[in-house]
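The values are calculated or read from the model by the stated rules, or taken from the named source; none is laboratory data. Source: prediction; values computed, not measured. As a convention, Cβ positions derive from the backbone with ideal geometry for all residues, glycine included, and neighbour counts pool all protein chains shown.
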């Protein structure tokens, strides 16, 4: 049952997979939150683990950086391993000072400068959105816990170092809250496969303020909210 990029067997992955970009973050998160965690993939060092959280199976796997990379892994998880829900747990660069370092951002939708979704959608512009039930559950749980959470649109860009010096201002002027590099592809793949997806981002950079997490802070960014987020996600399994 292994695929070109995932050397695993049927049943090795839970129906819910959390996907940080960094495989080392996946390893750290699995050690933090999963009981009886076992490693189920090492191909290309894209580490994946499956264990239990509060008695329920959960998997955690790195996605790599960018839309082509997450598309490979999400496609194989949906198509070959029976995964029903993928939740990207990553970081983002905020485009507004209304967001602060460490805030949680729920990506309700994702615009993009990539052509991947246009090619997927017969040349039309596809507007991928989050799974509403999961987004609502996480947002409500975060608010109830007093966590700084915001919901809104992100821009999934192919560029980390964009050649257009006006790029940031153009995107911010349209009300987009933050930049990431994966969400638009993940949301479209979920729709293509009839599955569900959500992106939860910790603000690691506030671009207008030139504020940034350190590498160590970035790697552990999502850990502080996991005990709020995971129960909310698990409660939406049948919705």
Exercise. Look at residue 29 and say whether it is under 23 Å from residue 237 (Cα atoms), touching a residue at least 60 places away in the same chain (Cβ under 8 Å) and not in a loop (DSSP other than H, G, I, E, B).
Key: yes
Practice problem: Restrict the check to the range 63-76 and report whether at least one residue is part of a helix (DSSP H, G or I), under 19 Å from residue 237 (Cα atoms) and within 16 Å of the chain's Cα centre (by Cα). | Solution: yes
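Being modelled with pLDDT of 95 or more and surrounded by fewer than 22 Cβ atoms within 10 Å (Cβ to Cβ) narrows it down to one of 150, 88, 120, so name that one.
Step by step, each of 150, 88, 120 is checked, and only 150 is modelled with pLDDT of 95 or more and surrounded by fewer than 22 Cβ atoms within 10 Å (Cβ to Cβ).
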Quiz prompt | All positions within the range 206-239 that are crowded, with 19+ Cβ neighbours inside 10 Å and outside any helix (DSSP H, G or I) | solution = 206, 221, 222, 236
Quiz item: Can you name the condition, by its number, that residue 114 falls short on among (1) in contact with a helix residue (DSSP H, G or I) (Cβ under 7 Å, 6 or more places away or on another chain); (2) in contact (Cβ under 8 Å) with a residue 60 or more places away in the chain; (3) surrounded by fewer than 16 Cβ atoms within 10 Å (Cβ to Cβ)?
Solution: (3)
Quiz item: Out of 1, 67, which single residue is in contact with a helix residue (DSSP H, G or I) (Cβ under 7 Å, 6 or more places away or on another chain), within 23 Å of residue 193 (Cβ to Cβ) and crowded, with 22+ Cβ neighbours inside 10 Å?
Solution: 67
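Here is a yes/no grid of residues against (1) surrounded by fewer than 19 Cβ atoms within 10 Å (Cβ to Cβ); (2) touching a helix residue (DSSP H, G or I) at 6+ places or on another chain (Cβ under 8 Å); (3) at pLDDT below 95; (4) under 24 Å from residue 22 (Cα atoms):
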{"site": "110", "(1), (2), (3), (4)": "no, yes, no, yes"}
{"site": "134", "(1), (2), (3), (4)": "no, yes, no, yes"}
{"site": "137", "(1), (2), (3), (4)": "no, yes, no, no"}
{"site": "141", "(1), (2), (3), (4)": "no, yes, no, no"}
{"site": "168", "(1), (2), (3), (4)": "yes, yes, no, no"}
{"site": "174", "(1), (2), (3), (4)": "yes, no, no, no"}
{"site": "184", "(1), (2), (3), (4)": "no, yes, no, yes"}
{"site": "188", "(1), (2), (3), (4)": "no, yes, no, yes"}
Self-check item: the range 163-183, subset within 22 Å of the chain's Cα centre (by Cα) and not in a loop (DSSP other than H, G, I, E, B), residue farthest from residue 97 (Cα to Cα)
Solution: 183
Practice problem: Take residue 32 and decide whether it is surrounded by fewer than 19 Cβ atoms within 10 Å (Cβ to Cβ) and modelled with pLDDT under 95. | Solution: yes
Practice problem: Please indicate, with yes or no, whether at least one residue in the range 190-205 is under 24 Å from residue 17 (Cβ atoms), without any contact (Cβ under 8 Å) to a residue 60 or more places away in the chain and either assigned to a helix (DSSP H, G or I) or within 17 Å of the chain's Cα centre (by Cα) (or both). | Solution: no
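Evaluate the range 80-89: report whether one residue or more is in a loop (DSSP other than H, G, I, E, B) and touching a strand residue (DSSP E or B) at 6+ places or on another chain (Cβ under 6 Å).
Initial filter on the range 80-89 (in a loop (DSSP other than H, G, I, E, B)): 81-84.
Then keep just the ones that are touching a strand residue (DSSP E or B) at 6+ places or on another chain (Cβ under 6 Å); that gives 83.
Looking for residues that are in a loop (DSSP other than H, G, I, E, B) and touching a strand residue (DSSP E or B) at 6+ places or on another chain (Cβ under 6 Å), one finds at least one in the range 80-89, hence yes.
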